[in-house]
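The structure under discussion appears below in the form of structure tokens.
The values are calculated or read from the model by the stated rules, or taken from the named source; none is laboratory data. Note that this is a predicted model, so its numbers are computed, not measured. Note that each Cβ is placed from the backbone with ideal geometry, even for glycine, and that neighbours are counted across all protein chains shown. Note: areas computed on protein heavy atoms with side chains; ligands, DNA, RNA excluded. Shrake-Rupley method; radii C 1.70, N 1.55, O 1.52, S 1.80 Å.
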Amino acid sequence: MAATQQEARSCVRTPERTNMASVNSSEWRAICDKFTNAQNLTEIESRNDKENDPFRSKYKAKELLREIYCSLKNFEAGEGEEEGGGESGDQRPTEQPVDGQREDLFGQGFSGDSPAGLRAARLGAVEYYLGVNHVDTEELSAGQEHLMNCMKLLERCRVSSPNVSLFIQVRNQLGILWAGRDETETAQGFLETAESIYQRYMKEDGSPPTDMTEYFAAEENLLTHQERIKRFELAYTHTMYYLAQVYKNLGQTERAATYCHTTLQRQLQLNQFTPMEWALNAATLSQYYITKGRYMEGRHCLSAATVISDLAGEVPSEAAAQENETESERREHLRQKRAEIARCWIKYCLNLLQDAKKQLEDNIGELDTDRQEELKRARRREEEEEEKGRKSALLFGSEDTFDSIASIEEKVMCLFPLDFTEARSVFLVGQNHVTQAKDYFQMDGYVTDHIEILQDHSALFRSLAFFEEDLERRCKMHKRRVDMLEPICNDLNAQYYLMIRRQLMFELAETYNEMMDLKLALANRQADTQSLDNHTIKKFNHLCSASAKYFQMFLDSLCSPEGKFPERLEEEVLRPALVARFRVARLHSRLISTSPTVQLDNLNKSLENYKYVVQYCEANPEAGAAVETELELSKEMVGLLPLKINRLNARMDSNN
């Protein structure tokens, strides 16, 4: 039998059949005291409940709420009011997303301040609190039934100042309940209706509404107008927060981001937030803006996250953490969350540099100076647009934090860097946050996180190198990448970190390849290729061999335990494997040697790998789309290299 039906039947009616108007002050005071005690048990005492009896205080609160419910039913019995329980909690609610066709909640039913309206609101509030209590104690069906009973009681009333908060908050709770069951569209219906009720109320009335706790408060304990407004706005902030989650789960990411941004701003305005939780949510939101190229909003979120995270206080010292368990947990929490925010900053700087590179590179990946000048001329207009954007954007902050947030924003640009100086300023911000993130996510204990941070650091260097005109300095930047990644790659356990090692092998191979090209370009500026000195040749061959070695290590990692290369490549390694084969072929053909025998060996290895790419794509035609450029060049080399090999063989024969 449904919980509310049992509770209704347990209410013993008094022979006198009293109504609310005849309740004496002592009876009403007793109800108010019970409600206050129930609130205290729920919100304060429950925090101290033992692990083996986690709902002790909430069960006590539930009994007090049931007693209040019975008292109210007795008081209204003389009025002949219909009881508010009845339908099974298993029924699916039918409230749909707002579409303009629903019943007008503002124009029908009892006035909220009429005796009947107040009776319905008081009973509805008890049903609401019982519903929340059941949900908190993991009795979801009973909780749903109580919340739906609250909805039915409110159907008798029209929305007005005495009940609008209850109208909204019961829908919030039903939205949470159905979202927790993965019934996202049902949750959406309740929450969007709550949103529309708030918006219409603020448009048509806007007076500070009665808070639900005031239904059971003595005259001297009623809230001030300011406190009423704060609580009402907080309820609507919860609506925004839950809608953000709903839209995210529905795949409506832009809408979800908008609601999340609004929620964070309202929490600051109402001063209702936990600093580190708020900061991490703002930093997470920044990542959405970054993926959309909205760097001004992304920077703003991260700057706000940095400022608000500081409100959580200083990180306890290691000595203090060793002496006190609470301080130890707090130290761990603050260090971890701030390191996570630092990682979001790294992504901001890295993506800004990478997107700038895409704007500026030509068809061979080098800096397009004409495009650079064109973008510089357009910079003034972009700066004006940025200023306009700031004025129209929803900015975080209060009087206490706004200037601090703006101060951090000034330290990093949000427009695309167009030259080395600007790119370096972005790089340095990212590198500072790399240091902060690595301080917490150390190799001992956080292997995957530590390596991901190193990979981002390497990518920062690679992006910065694009803007560097001095080839020698550019080469040194790539050497920094090798120095940070190579020891890790060689030390990692191949069995447990296979995927990470493959990533590192491929990146090291590409980095050595870039260094090789730069060294050759430097040499070509000084002399033609026929006159390269021995030192340059030795350096060139070293870089070439190192690149080929790591590409081959990557290919070997794809082999079976018996050392056999797969006949068919998995989709996730198809392009990397074929590109690695192509690069190995190219690298062997570029090695410089005065020995004809070594030259011949290198050319044969080169031809073997070019043939593999061609033959694999012939046997698996769909693979060609993944490596169109490499396949075209491989076919060309398969035709040319045999001629070169034959000429070399003929020269060797003639010399014998």
Can you pull out the residues in the stretch 453-498 that are outside any helix (DSSP H, G or I), surrounded by fewer than 16 Cβ atoms within 10 Å (Cβ to Cβ) and charged (D, E, K, R)? Glu469, Asp470
Out of (1) farther than 30 Å from Gln354 by Cα; (2) over 16 Å from the mean Cα position of the chain (by Cα), the one Tyr242 does not meet is (2)
Within the stretch 597-656, track down each residue that is farther than 17 Å from Pro576 by Cα, touching a residue at least 24 places away in the same chain (Cβ under 8 Å), open to solvent by less than 60 Å² (accessible area, probe 1.4 Å) and not small (Gly, Ala, Ser). Gln599, Leu600, Leu603, Leu607, Met637, Val638, Leu641, Pro642, Ile645, Leu648, Asn649, Met652
Here are some residues: Leu508, Leu454, Leu492, Leu504. Which one is modelled with pLDDT under 95, more than 22 Å from Glu383 (Cβ to Cβ) and of a type in the set (A, V, I, L, M, F, W, C)? Leu492
Looking only at the stretch 561-582, count how many residues are charged (D, E, K, R) and closer than 14 Å to Glu608 by Cα. 1
Which of (1) open to solvent by less than 30 Å² (accessible area, probe 1.4 Å); (2) at pLDDT below 50; (3) out of contact with any His (no Cβ under 9 Å at 6 or more places or on another chain) does Gly89 not meet, given it meets every other one? (3)
Within the stretch 346-358, restricting attention to residues that are open to solvent by 40 Å² or more (accessible area, probe 1.4 Å) and not polar (S, T, N, Q), which residue is farthest from Ser425 (Cα to Cα)? Lys358
Across the stretch 554-579, what is the total count of residues that are within 33 Å of the chain's Cα centre (by Cα) and assigned to a helix (DSSP H, G or I)? 9
Can you find a residue that is of a type in the set (Lys, Arg), touching a His at 6+ places or on another chain (Cβ under 7 Å) and modelled with pLDDT of 95 or more anywhere in the stretch 625-641? no
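Okay, residues lined up against (1) open to solvent by 70 Å² or more (accessible area, probe 1.4 Å); (2) more than 25 Å from Ser141 (Cβ to Cβ); (3) small (Gly, Ala, Ser); (4) not in a helix (DSSP H, G or I):
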position	(1), (2), (3), (4)
Tyr201	no, yes, no, no
Gly206	no, yes, yes, yes
Thr213	no, yes, no, no
Gln226	yes, yes, no, no
Leu234	no, yes, no, no
Thr237	no, yes, no, no
Met240	no, yes, no, no
In the stretch 511-553, what residues are of a type in the set (Ser, Thr, Tyr), modelled with pLDDT of 90 or more and surrounded by fewer than 19 Cβ atoms within 10 Å (Cβ to Cβ)? Ser545
Enumerated helices (runs of 4 or more DSSP H) restricted to the stretch 254-345, each holding at least 3 residues that are open to solvent by 50 Å² or more (accessible area, probe 1.4 Å) and either charged (D, E, K, R) or within 28 Å of Lys358 (Cα to Cα) (or both): 275-291
How about the stretch 285-316: which of its residues are farther than 20 Å from Leu415 by Cα and of a type in the set (Asp, Glu)? Asp310, Glu314
Scan the stretch 434-449 and tell me whether some residue there is touching a Leu at 6+ places or on another chain (Cβ under 8 Å), among the aliphatic types (A, V, I, L, M), under 13 Å from Ile341 (Cα atoms) and open to solvent by less than 60 Å² (accessible area, probe 1.4 Å). yes
Condition (residue is among the small types (Gly, Ala, Ser), assigned to a helix (DSSP H, G or I) and under 19 Å from Asn620 (Cβ atoms)) applied to the stretch 531-551: is it met by at least one residue? no
